[in-house]
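Okay, structure first, notes after.
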Amino acid sequence: MGVRSMNPHPARKPDENDLRGPQALRTRYESGATVDELVTVSGLSYGTVLNRLREAGTEMRTSWQTRRMRNDPQARMRLAAHLRVLYEKRGATLAELASVAGSTTRGARRLLVDAGGVPRTSQQTQRIRSANRAAERQKLALSLRARYENGATVPHLAESCGCSLGTVYRLLRLAGTRMRPQHSHGPARTPRSRS
């Protein structure tokens, strides 16, 4: 019998669309963000950010190179364009943009406007974030359906994605999954003896 892993929820490898993934971190770093700023915005540890930057083949800078880069007009334009994408496609707030840019919210707003972005209301931000969450949920639901239809069990799916059984069932229903018949997990019945 094999030895079970002590960690029931294995770490998921970040995909390329993940803002905490190696390529996304590299893009931010190359736009002028420091490692400390990436730690703040991603919620990852300093060592994890460094490892992911190295994994993406990032060429690291010194602090004076970062300062010089931020004063460079082309680097500023690249940073502004990157902030606009985060703002418009990901629903980032001005505070989050400020963290990425290493500036104040006023400075981040100015960069956003420089890139042609239009500041929005907090309700508009909530709508974008809600739509992004719904899209991610649908993507996860379809992924779970494909794995279920290839023979994975609901408990296995729950363990692998770090969700509860109820959540996995809801996601499978959301994806229109045709469920397999459930097996009886109760105690076996003993046949009655004839008298």
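List of remarks:
- Counted charge near residue 151, where neighbours are those whose Cβ lies closer than 14 Å (Asp, Glu -1; Lys, Arg +1): +3
- Length released on extending from residue 179 to residue 68, taking residue separation times 0.36 nm less the Cα-Cα span: 34.1 nm
- In Hz, Karplus ³J(HN,Hα) per residue of region 126-137 (6.51, -1.76, 1.60; θ = phi - 60°; x = Gly, Pro): 4, 5, 5, 5, 5, 5, 5, 5, 5, 5, 5, 5
- Taken one residue at a time, the phi angles of region 155-164 give Karplus couplings (6.51, -1.76, 1.60, θ = phi - 60°) of x, 5, 4, 4, 5, 6, 9, x, 10, 7 Hz. Gly and Pro are set to x.
- Under Karplus coefficients 6.51, -1.76 and 1.60, residue-wise ³J(HN,Hα) of region 71-83 in Hz, glycine/proline x: 8, 7, x, 5, 5, 4, 5, 5, 4, 4, 5, 5, 5
- Near residue 118, once Lys and Arg are set to +1 and Asp and Glu to -1 for all other residues with Cβ below 15 Å from its Cβ, the sum equals +4.
- Cut-off 14 Å between beta-carbons: net charge of the residues surrounding residue 129, Lys and Arg +1, Asp and Glu -1: +3
- For region 44-101, radius of gyration divided by Kirkwood radius, i.e. Rg to Rh on alpha-carbons: 1.00
Every read-out reported here was derived from the displayed coordinates using simple, explicitly stated rules and does not represent laboratory data. Here the structure is a predicted model, which means the values were calculated and not measured. Glycine also receives a Cβ, built like all others from the backbone with ideal geometry; neighbour counts cover every protein chain displayed.
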